[in-house]
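Asker: Take this structure first; my questions come after.
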Amino acid sequence: MILFIDCGDTLCDESTEVRLVPGGVVQKASLFPGAAETIERIHALGIPICLVADGLDASFQVILHGLTGCFDGWVTSEAVGAEKPSSLMFQTAMDVMGLSDADKPHILMVGNNVRKDIAGANRFGIISVLADYSPRYDMTPLTPDEVPQYILHDIRDLPELIRILE
Ligand SMILES: [Mg+2]
């Protein structure tokens, strides 16, 4: 299995983000309980991990400091010039990770946003996993492609989901 993962409200609690100006670089933010340990554990299992996140590269460097060595790929909308659900985000992650279409059945996209992460993953043909533990965005699917294939109620359950899918 290969893990593509979002950051805001998936690994990091967006309500804790501190910026000097609106839309600026995040200066400080807290990860959800167990998020850091979960990423470290998945990395230690030898499962490739790629960040696929909308935002500024510098923000994710701050938010995920200490964990950046766990990521084999690092794809941000700032660098790509497009945001999820654009296929460009997912295709860039594939390219960065050296993956081909044959790998798609083994790629999980984990994120909290049904319009971005889930619709994007479903349209791109990879496994969609909704992280449903943050209250910030409406998670009600409005179209069939916003329906997640799997739902994660706690980030700490991700290694077990990966194990089951293997
Ligand atoms: Mg998010």
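The values are calculated or read from the model by the stated rules, or taken from the named source; none is laboratory data. Note that the coordinates shown come from a computational prediction; the quantities given were computed from them, not determined experimentally. Because the Cβ atoms are built from the backbone with ideal geometry, glycine has one as well, and the counts that use them run over all protein chains shown.
Asker: Starting from region 8-21, take each residue that is within 16 Å of residue 38 (Cα to Cα) and list its partners that are within 11 Å of the ligand (Cβ to nearest atom) and polar (S, T, N, Q), counting only C-beta distances under 6 angstrom and pairs at least six apart or across chains.
Answerer: Note: pairs meeting the criteria are 9/112; 9/134; 10/112.
Asker: Please go through region 140-155 and give me each residue that is outside any loop (DSSP other than H, G, I, E, B) and exposed (fewer than 13 other Cβ atoms within 10 Å of the Cβ), ordered by number. Write out each step before concluding.
Answerer: Taking region 140-155 as the starting set, the residues that turn out to be outside any loop (DSSP other than H, G, I, E, B) are 144-146, 150-152, 155.
Matches in region 140-155: 144 only.
Asker: Starting from region 104-121, keep only residues that are within 11 Å of residue 9 (Cβ to Cβ), then list their pairs with residues that are modelled with pLDDT under 95 and within 15 Å of the ligand (Cβ to nearest atom) whose Cβ atoms are within a distance under 6 Å, requiring at least 6 positions of separation or different chains.
Answerer: 112/134; 113/137
Asker: Checking the condition more than 14 Å from residue 124 (Cβ to Cβ) and surrounded by 17 or more Cβ atoms within 10 Å (Cβ to Cβ), which residue from 17, 37 passes? Steps first, answer last, please.
Answerer: Numbers: 37 fails: surrounded by 17 or more Cβ atoms within 10 Å (Cβ to Cβ).
The unique qualifying residue is 17.
Asker: Can you tell me how many residues within region 120-135 are of a type in the set (A, V, I, L, M, F, W, C), within 13 Å of the ligand (Cβ to nearest atom) and either over 13 Å from residue 52 (Cβ atoms) or in contact with a Leu (Cβ under 6 Å, 6 or more places away or on another chain) (or both)? Step through it out loud before you land on a result.
Answerer: Of all residues in region 120-135, those of a type in the set (A, V, I, L, M, F, W, C) come to 121, 124, 126-127, 129-131.
Now narrow it down to the ones that are within 13 Å of the ligand (Cβ to nearest atom): 121, 129-131.
Applying the additional criterion that residues be either over 13 Å from residue 52 (Cβ atoms) or in contact with a Leu (Cβ under 6 Å, 6 or more places away or on another chain) (or both) yields 129-131.
Total meeting the criteria: 3.
Asker: Moving to a separate point now. Evaluate region 69-83: report whether one residue or more is part of a loop (DSSP other than H, G, I, E, B) and in contact (Cβ under 8 Å) with a residue 40 or more places away in the chain.
Answerer: Taking region 69-83 as the starting set, the residues that turn out to be part of a loop (DSSP other than H, G, I, E, B) are 71-72, 81-83.
From what is left, the residues that are in contact (Cβ under 8 Å) with a residue 40 or more places away in the chain are none.
No, because not a single residue in region 69-83 is part of a loop (DSSP other than H, G, I, E, B) and in contact (Cβ under 8 Å) with a residue 40 or more places away in the chain.
Asker: Further, regarding this structure: Taking region 68-115 on its own, how many of its residues are under 22 Å from residue 159 (Cβ atoms) and of a type in the set (D, E, K, R)?
Answerer: 3
Asker: Do any strands (runs of 3 or more DSSP E) entirely within region 5-64 hold 3 or more residues that are more than 16 Å from residue 131 (Cβ to Cβ), and if so, which?
Answerer: Details: elements: 12-19, 26-31, 49-53.
Counting at least 3 such residues, we get 12-19, 26-31.
Asker: When you scan region 96-105, do you find a residue that is over 24 Å from residue 146 (Cα atoms) and assigned to a helix (DSSP H, G or I), even just one?
Answerer: yes
Asker: Among the residues of region 70-86, are any away from the ligand (no atom under 13 Å from the Cβ), at pLDDT 95 or above and on the phi > 0 side of the Ramachandran plot?
Answerer: Residues of region 70-86 away from the ligand (no atom under 13 Å from the Cβ): 70-75, 78-82, 86.
Going one step further and asking which of them are at pLDDT 95 or above, we end up with 70-75, 78-82, 86.
Cutting the leftovers down to on the phi > 0 side of the Ramachandran plot gives us 81.
Yes: one or more hits.
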